[in-house]
Amino acid sequence: MMKKFYLLFLTMMLVLLALSGCSTKEHTNKTEEKKQADSEKKVELTISAAASLQDALTDIKADYEKKHPNVTINYNFGASGALQQQISQGAPVDLFFSAAEDKFQKLVQEGLIKEKNGKDLVGNDLVLVVPKNSTKGIKTFEDLTNADKIALGTPESVPAGQYGKQTLDKLNVWKSIEGKVVFGKDVRQVLTYVETNNVDAGIVYKTDALTSKKVKIVATAMDNTHDPIIYPAGVIKNSTHSKETQLFYDYLQNEQSMKTLEKYGFKKLQ
């Protein structure tokens with residue numbers, strides 16, 4: 001009798017252990033599945049970036065999304081000043097890549113970007129361009145007095161326009177040509193005005209001029225005629241995807257991304 005009872009008890013214990021093992025294994029599997037699902041969750045990042053970065057960042061986006069298939073990068077390109085104002089007013093942006101330090105610093109001062117989450121990444125040159133078939137004889141910034149129309153980014157919101165005005169002021173040209181200036185909403189619009197022969201000349205970044213076969217560079221502004229052209233990038237404090245944004249921010253600084261930026265004419269900072 002005792003022997004039968006003992007065998008029954010042992011059998012029940014073995015069944016309970018087997019069931020417990022299955023339950024633990026099932027819980028472990030569910031935990032692993034959840035982790036995998038979380039890692040594969042689709043995330044969309046919004047990056048506000050200076051118009052002059054468009055070509056380089058488009059290449060970087062393609063490389064990044066191949067390596068991170070769960071992440072989609074959505075760019076909002078425009079004038080740095082306009083983008084900064086949008087972010088200040090609460091636009092849902094994850095990262096800001098500016099063409100001017102002063103616009104970037106406004107967001108730092110407003111507490112929208114933490115100092116430790118921002119970095120100066122690249123530099124650029126300011127150049128004077130004319131249509132490829134130009135016969136105006138414009139070869140220097142001083143020659144702009146011979147032009148009928150000159151394109152320049154709006155200095156208040158377009159960094160290239162701000163730097164351009166500084167250069168023209170420094171060379172004592174601004175006052176004599178101010179009435180001939182056609183203002184553009186960003187550097188790409190300025191380039192388009194020159195490409196389409198709507199103006200005789202325009203002031204843009206070297207990186208923009210290099211993308212066009214319809215214009216030629218006739219002069220480069222000396223560094224001492226304008227503020228340093230520096231492009232800082234930083235993670236927005238209120239980003240709803242801070243982890244993924246930080247990963248993309250780090251990716252922008254790696255060797256491959258820096259080579260892509262240099263390929264499009266951006267300068268490595270010393």
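The values are calculated or read from the model by the stated rules, or taken from the named source; none is laboratory data. Worth saying up front: this structure is predicted, and the values here are computed from it rather than measured. Neighbour counts are summed over all protein chains in view; Cβ atoms, including those assigned to glycine, are modelled from backbone coordinates with ideal geometry. The protein model used for the area step is the full one, side chains on, heavy atoms only, and it has no ligands, DNA or RNA in it. Shrake-Rupley method; radii C 1.70, N 1.55, O 1.52, S 1.80 Å.
Listed highest first by mean packing, meaning other Cβ atoms within 10 Å per residue, what order do 198-206, 113-121, 91-99 come in? Don't skip to the end; give the middle numbers.
Working: 198-206: 25.7, 113-121: 16.0, 91-99: 22.8.
Packing order, densest peptide first, comes out as 198-206, 91-99, 113-121.
May I ask you to give the solvent-accessible area per residue for the range 108-251, in square angstrom, as obtained with a 1.4 angstrom probe?
Numbers: 6840 Å² over 144 residues.
I get 48 Å² per residue for the range 108-251.
Report the full-extension gain for the segment GLN270 to SER176: residue separation times 0.36 nm, less the Cα-Cα distance, to one decimal in nm. Walk me through the intermediate numbers first.
Working: separation 94, 0.36 × 94 = 33.84 nm, distance 3.63 nm.
Taking 0.36 nm per residue and subtracting the Cα distance, the gain is 30.2 nm.
For the range 168-235, what class follows from the C-alpha gyration tensor (a ≥ b ≥ c being the square roots of its eigenvalues): rounded when a/c is under 1.5, otherwise prolate if a/b is larger than b/c, else oblate? Kindly include the intermediate steps, with their values, before the conclusion.
Numbers: a/c = 1.58, a/b = 1.07, b/c = 1.48.
Verdict is oblate for the range 168-235.
In square angstrom, rounded to the nearest 10, how much accessible surface does LYS243 have for a 1.4 Å probe?
Here the residue's solvent-accessible area equals roughly 150 Å².
Suppose the Debye formula is applied to equal point scatterers at every Cα of the chain; what is log10 I(q)/I(0) at q = 0.11, 0.15 Å⁻¹?
Scattering profile of the chain, log10 relative to I(0): -0.67, -1.05.
Treat every Asp and Glu Cβ in the chain as -1 and every Lys and Arg Cβ as +1, leave all other atoms uncharged, and give the resulting dipole magnitude about the Cα centre to the nearest 20 debye.
It works out to roughly 780 debye.
Find, to one decimal place in angstroms, the Kirkwood hydrodynamic radius of the range 144-200, where the mean of 1/r is taken over every pair of different Cα atoms and then inverted.
On the way: mean 1/r = 0.0897 Å⁻¹.
Evaluated over the range 144-200, this radius sits at 11.2 Å.
If the elastic network links every pair of Cα atoms under 10 Å, which of GLU195, GLU110, GLU101 fluctuates the most in the Gaussian network model of the chain?
GLU110
For a Förster distance of 51 Å, can you work out the FRET efficiency between the beta-carbons of LEU247 and THR135, rounded to the nearest 0.05? Don't jump to the answer; show the numbers that get you there.
Numbers: r = 51 Å, r/R0 = 1.01.
With a Förster radius of 51 Å, E is 0.50.
In a GNM of the chain with a 10 Å cut-off on Cα contacts, which of GLN89, GLN162, GLN54 has the highest mean-square fluctuation?
GLN89
Cβ under 13 Å from GLN54's Cβ, GLN54 left aside: what net charge do those residues give with Lys, Arg +1 and Asp, Glu -1? Walk me through the intermediate numbers first.
On the way: positive: LYS61, ARG188; negative: ASP55, ASP59, ASP186, ASP208.
Computed value for this residue: -2.
If you roll a 1.4 Å probe over the range 151-270 with all protein chains in place, what percent of the accessible area is carbon or sulfur?
49
Of the beta bridges DSSP finds with both residues in the chain, what % are antiparallel, to the nearest 5? Before the final figure, lay out each step's value.
On the way: 20 of 37 bridges.
Close to 55 percent.
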